[in-house]
Ligand code: URA
């Protein structure tokens, strides 16, 4: 049977394409060709072109001013502004269906909810139901954690990429494979470490999470650390290092150092090192990461 262009599979593929390309917000129910609107609004436009038959919906019909530009009688729901007036800005981004409308409120909401959970399983369920971070609505899956939550070593990266989003686990793609090799070099694997990210949903188009998205998700990673209760945390890359340690230093300055991190009434160690994705782009820097991993091993062995 032939499939028309509106077959659900085609529509889903097209939506996927837009999400991959970084479109993370729907402003209206219909697409608009803004270029043709500009052209149609131009005072130099010679003759009004009429496309299709006029709509019977009179609420969408506008009468062009007698001296104004001739515009299509059926305007999109957000009409062009009158000449000389600034366009109306798009509606403010809504933070999901959460009661919290602003990032600050969403972060406060996240903090209050995170405080209430008593186990990692409860935290994962809470995150799965949390609608306060817009990234949730473009991601395919929640990416909570991988590895051994009982381990005393915790690796924290930045945010899931496409592979992690598909699988629902952190560090599944090329950077994950490199992370596994780095761990193997000091005798570790994922049965001996717990692995997660500061943001549990993939930012669309693999962009970096915004500071607002990080601050909304921060109470969750803080609670995840408390519940996993590690002795040593390894922050992979600058966003994780800055979010966890509070340093403003760039990663090349921060790496190779242990920062104190408070877990309940204990102080544990947070080591900053380079992110495997950076090492894939800058393989010469692996020697710095190797130094950090040797320091990590010495610490785990009680020799540093
Ligand atoms: N990069 C990250 O920071 N985390 C992942 O899970 C994958 C890639």
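Read-outs: derived from the displayed coordinates by stated rules, not from any lab. All values derive from a computational prediction rather than experimental measurement. Glycine gets a Cβ as well: all are built from the backbone with ideal geometry, and neighbour counts include every protein chain shown.
For segment 156-205, what does the relative contact order come out to in percent, with C-alpha contacts under 8 Å and a separation of six or more?
Reported as a whole number, the value is 58 percent.
Against the empirical 2.2 N^0.38 Å scaling, what ratio does the C-alpha Rg of segment 138-218 come to?
That works out to 1.08 for segment 138-218.
Send over the Kirkwood Rh of segment 95-231, from the inverse of the averaged 1/r over different Cα pairs, rounded to one decimal Å.
Working: mean 1/r = 0.0664 Å⁻¹.
Across segment 95-231, the inverse of the average 1/r is 15.1 Å.
Over segment 155-259, what is the relative contact order in whole percent, taking alpha-carbon pairs under 8 Å and six or more residues apart?
34 percent
If you average the sequence gap of Cα pairs under 8 Å that are 6 or more apart and divide by the length of segment 236-304, what percent do you get for the contact order? Please list the in-between numbers first.
Details: 73 pairs, mean separation 19.0, N = 69.
Reported relative contact order: 27 percent.
Arrange 182, 172 by Cβ neighbour counts within 10 Å, fewest through most, would you?
172, 182
Taking the convex hull of the alpha carbon atoms in segment 174-304, what volume per residue do you get, in Å³?
Values: hull volume 15.1 nm³, N = 131.
Hull volume over Cα atoms, normalised by residue count, gives 115 Å³.
Order these peptides, 190-200, 160-170, 111-121, by their mean beta-carbon neighbour count within 10 angstrom, highest first. Can you show the working numbers first?
Details: 190-200: 22.7, 160-170: 21.0, 111-121: 13.9.
Per-residue mean Cβ counts within 10 Å order the peptides as 190-200, 160-170, 111-121.
Test of understanding: ordering 290, 201 by Cβ neighbours within 10 Å, fewest first, what list do you get?
290, 201
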